[in-house]
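The values are calculated or read from the model by the stated rules, or taken from the named source; none is laboratory data. Computed from a prediction, not measured in an experiment: that's the story for all the values here. Cβ: placed from backbone, ideal geometry, glycine included. Neighbour counts: every protein chain shown. Ligands, DNA and RNA are stripped out before the accessible areas are found, and what is left, the full protein with its side chains, is counted by its heavy atoms. Shrake-Rupley method; radii C 1.70, N 1.55, O 1.52, S 1.80 Å.
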Amino acid sequence: MKIEWTKDMTKRVLIYVVSGIGILAAYFILINLKRVSGVFAYLGDILRPFIIAAIFAYIVNGPMMFFERLFKFTDRKKSRPTLKRVLSIITAWVACLAVLALFFVIIIPDIKTSIVTLVNNLPGYFNSLKELITSLADKYQFDITYLDTFMNFQVTADGVMEILKKYSDALIPQLANIANISVQIGSLISDMIIAIIVSVYFLFSKETLIAQLKKVLYAVFSRRFVDASVRVARETHRTFSGFINGKLVDSLIIGILCFIGMNIFKFEYAMLISFIIGVTNIIPFFGPIFGAVPSVLLLLMIDPWHAFWFAVFVFGLQQLDGNVIGPKILGDSTGLPALWVMFAIIVGGAIWGVVGMFVGVPIFAVIYRFSKEIFEGMLKKKNMPESTLAYKVVKGIKDKSDVELEAEK
């Protein structure tokens, strides 16, 4: 009996073959996990300058696009389009390096001085706090026997330095075990220099590189799949760049305003506390709390009234950020409701720590957006209303006309 070979049979055979190869590959990777991880580590070492360059290019791309909009005067001349790109890349890199230099030359030494002063003065601050608690207890007849452990605890500058030394002594051997420090620093500097040069090429030819990547994808995969992938990549880039760049600028403004305000009101450790407030403000929702609590506690040991007025000042600053500065800079870059923002922060923090609390929001925003599109598309195929308002009833769903009328109201 002759069997007619059909396209469907060919498709099935290919599926079986590819699945078999995939299973064998997975089995090979599992039984040779150390070797495979070693190969990936080796490839990672080789490609590290290019990976760093891609990260640099992505970070500098935003400032570069900003300067390209400023350098419109080059369009009037019959100059090559490359002139504007070259000027924008140079200006963007100079601006980024200037910010880094400002940070390391001015801000870091000031923070270091503040920390040294704080360590030396901490015993006096701690004793003042205990005296305040004792005086309040005597005045208002509070029972502070349950604070005996705290009241008997002694803080000394040598004790604080011993704790810091203990942690540094535990850290140094770990760094030494990674590799020879001098060799690692030299390798890092070399990688950074190469990465900066390569990032310039990435930025200069980014449109060509993206076009080449799309060309390969269209050659290998179906047009429908590539179109969907490109749209997802474009939306992911928009969400990430809008949120991360906006949040960094927002936090920088908050840190500067905090520093100005603390100097006006003569609060102690203005640079150190402003740095804490600015950095923690990067974390959405919980960031202001993470920054304000230790800062208030620090000022509480120095001067309770300063701590109180600083808490009022920071609360006002965060209200200004949440209602005016943040919305102006960020807009609706994520499109996430407050509940899902909290969910993204908590889950991201549980998986990746502090970094996860920051990047969890844009990642979940992308997932939320495309999940919404998928489910609404499924409802549309079933000829059912896509709006959430239609389902805010105890039984069944609302008519489409009722939903539209309610939305207009």
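Quick rundown of the values:
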quantity: Charge dipole magnitude, Cβ of K and R +1, D and E -1 - the range 197-308, Cα centre, debye nearest 20; calculated: 820 debye
quantity: Formal net charge of residues neighbouring Phe370 (Cβ-Cβ distance under 10 Å; K, R +1; D, E -1); calculated: +1
quantity: 3J(HN,Hα) from dihedral phi, the range 213-222, Karplus parametrisation 6.51/-1.76/1.60, rounded to Hz, x for glycine, proline; calculated: 5, 4, 4, 5, 5, 5, 6, 8, 10, 6
quantity: FRET efficiency estimate (nearest 0.05) - Cβ-Cβ, Leu102 to Met384, R0 45 angstrom; calculated: 0.20
quantity: Two-site FRET efficiency, Asp45 against Lys328, from Cβ-Cβ distance with R₀ of 41 Å, rounded to 0.05; calculated: 0.40
quantity: Compactness index (Cα Rg / 2.2 N^0.38 Å), the range 259-346; calculated: 1.17
quantity: Computed lengthening from Leu30 to Asn127, 0.36 nm per intervening residue step minus Cα-Cα distance; calculated: 29.0 nm
quantity: Label point distance in nm, Asp8-Ala54, each placed 7 Å from Cα along Cα→Cβ; calculated: 4.1 nm
quantity: Per residue accessible area of the range 280-326, 1.4 Å probe, in Å²; calculated: 49 Å²
quantity: Paramagnetic reach from Val279 in the range 341-369 [backbone N under 12 Å; point 7 Å along Cα→Cβ]; calculated: none
quantity: Radius 13 Å from Cβ of Met65, net charge of other residues (Lys, Arg +1; Asp, Glu -1); calculated: +4
quantity: Inter-probe distance in nm under a simple model that places probes 7 Å from Cα toward Cβ, at Val312 and Met65; calculated: 4.3 nm
quantity: Charge dipole of the range 90-148 about the Cα centre (unit charges at C-beta), most positive-ward option of Ile111, Gly124, Leu97; calculated: Leu97
quantity: With every protein chain in place, the range 287-380: carbon and sulfur % of accessible area (1.4 Å); calculated: 76 percent
